[in-house]
Amino acid sequence: MSSTTKQPVPLSVHLVAGGVAGLSEALSSISRSRKFAGSPGAGKNIASAAANAAPQKPDNFIRVGAGIFKKEGGLALYKGLGAVIIGIVPKMAIRFSSFEFYKSIQTKEGQKLGMGAIFMAGLGAGITEAVMVVTPTDVIKIRLQAQRHSLSDPLDVPKYRNAAHAAYTIIREEGFGALYKGVTLTALRQATNQATNFTIYHLIKNKMMSIQNVDELPSYQHMIIGGISGAMGPLSNAPIDTVKTRIQKSKAEPGVSGFTRFVNISKGIIKNEGYAAFYKGITPRVLRVAPGQSVTFMVYEKVKNWIEILNDKSAAYL
């Protein structure tokens, strides 16, 4: 039985379920990001190893997590959680609610929603989240990461102290529009990502429901399907993301349009590095995104079902 035949639920349900799913992803992903960034004192450990000429075991998720827990305590695994929540929670809330909205405007009475409509709804959701959340947070994140200052020198005060201060400073000095630099490429990246993500997820989900002849899948199956669909997103838009990153890192050229820069950088990558360069860094990106999408879809489906059950019980008492 296809999930598209279910009675529609209010968009507020998808908004809340998406927000909770985003919070769950944030809680699970912050400790993973510490692994990719390296454990505390990594530079000191490398220097010490070089001095003592003693080989070190390569880091992995468990070893880094155990090291952080031992040196800094369990709460250290959630450093930076606030910044992550500010970005992920509204993004997921908007992603799922806008996806359901774009599905609803394509739904016709008595007809099932096909995969083409799911794909278009995913495109719309990606563009919506790019404009409302992703582009401004990307600009702020890049500005924070790009600034250089000494953490050991109390007199070396960074220009941007945190995300909120960075947003305030950018708007004050450059205008509100500065938060939307690169919005076209960001929207293109998010649109292709979510179109692929939602289409693969619903394709596998509907197939699994049909095979098992059930109206709802167990949570572990949502988790597996979410991981698969989550991995497909980065694979589908890696070239766009690579060019976008190169553009954001390079200085703007007066009189040169964004499209021209996109074409020139793309040609340069092909000429100097080959087509494979468009997929540089794809492995860590998939390893970062896929587990997060596993958690996101699993929690989203579970919370949505809980809210629907509560609503049904409340209606029964009225």
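The values are calculated or read from the model by the stated rules, or taken from the named source; none is laboratory data. Being a predicted model, the structure only gives us computed values, none of them experimental. Methodologically, a virtual Cβ is constructed for each residue, glycine included, from the backbone with ideal geometry; neighbour enumeration extends over all protein chains shown. What goes into the accessible areas is simple: the full protein's heavy atoms, side chains included, and nothing from ligands, DNA or RNA. Shrake-Rupley method; radii C 1.70, N 1.55, O 1.52, S 1.80 Å.
Condition test on MET209, is it open to solvent by less than 30 Å² (accessible area, probe 1.4 Å), touching a residue at least 12 places away in the same chain (Cβ under 8 Å) and either in contact with a Pro (Cβ under 6 Å, 6 or more places away or on another chain) or among the aliphatic types (A, V, I, L, M) (or both)? When the stated conditions are applied, MET209 passes them.
Within segment 66-83, is there a residue that is closer than 20 Å to GLY292 by Cα, modelled with pLDDT under 95 and charged (D, E, K, R)? Yes: segment 66-83 contains one or more residues that are closer than 20 Å to GLY292 by Cα, modelled with pLDDT under 95 and charged (D, E, K, R).
Taking LEU185, is it at pLDDT 85 or above, part of a helix (DSSP H, G or I) and either open to solvent by less than 40 Å² (accessible area, probe 1.4 Å) or among the hydroxyl-bearing types (Ser, Thr, Tyr) (or both)? Answer is no for this residue. SER150 meets the conditions (1) at pLDDT 95 or above; (2) over 23 Å from TYR180 (Cα atoms) in every case but one. The failed one is (1).
The C-beta contact set for segment 1-22 (first residue farther than 22 Å from GLU129 by Cβ and among the basic types (Lys, Arg), second residue exposed (fewer than 14 other Cβ atoms within 10 Å of the Cβ) and modelled with pLDDT of 80 or more, distance under 9 angstrom, 6+ apart or interchain) comprises LYS6/ASP215. Of all the residues in segment 155-182, those that are open to solvent by 20 Å² or more (accessible area, probe 1.4 Å), outside any helix (DSSP H, G or I) and farther than 25 Å from SER266 by Cβ number 8.
Within segment 253-305, the set of residues being loosely packed, with under 12 Cβ neighbours inside 10 Å, among the charged types (D, E, K, R) and modelled with pLDDT under 85 comprises GLU253 only.
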